[in-house]
Amino acid sequence: MTNAPNLTHDEALLLLNDHVGKDVQYSLSTSYDDPPNSWVRVLTLHGALTRVAEPEEIDAAELPERSRALFLSTYRIGKQSIVLPPTLGSAKGLPRGIEFTPAENVRLQILWGATPSPATGSGEPV
C-alpha cells in the first residue's frame, strides 16, 4: 500500500491497543525476490489480542526503562506471545491494521476484522 501513513513505534502500539480484546490476525511474510515482489506467508496466528501486562502493572514493578519498553510491546494473540520492540523497523497504518517492515524482504502484519480461512489459516477481511 503506497499511500499508507507512516507511524512511529509508539503510534503503532497505541493503535494496536485500541484493538485489545478483539480478534486479530498476525502474519509474517517474506519475499525471495529482489526487490520484494511476491510474498510468501510463513506464519499466521489468529485469535484475541491481549496484553501480557497492563501499563499500570509495569509501572508498579519499577522496572528499568529498557525492560519496561519490552513489556509494553509484548502481546498475546490467542495463547501465543508476540513482541513488537522499537527496533522492529518501520511501521505503517493499513485500512484494517498495521504493517511492520523489519527488513526489506520481511513484513509483519496485524489485521483486525479478519477471519481465518479453514484451508490455510490465513485471514480474509470481513
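Quick note: the coordinates plus some simple rules give every number you see, no bench work behind them. These numbers were taken from a predicted model, which means no experiment stands behind them. Cβ atoms come from the backbone with ideal geometry, glycine included; neighbour counts cover every protein chain shown.
With each label modelled as a point 7 angstrom along the Cα→C-beta vector, the LEU63-THR87 pair spans 1.6 nm. Decide, for the stretch 6-112, between rounded, prolate and oblate: order the square roots of the alpha carbon gyration tensor eigenvalues as a ≥ b ≥ c, take rounded if a/c falls under 1.5, and otherwise choose prolate if a/b is larger than b/c, else oblate. In terms of gyration-tensor shape, prolate.
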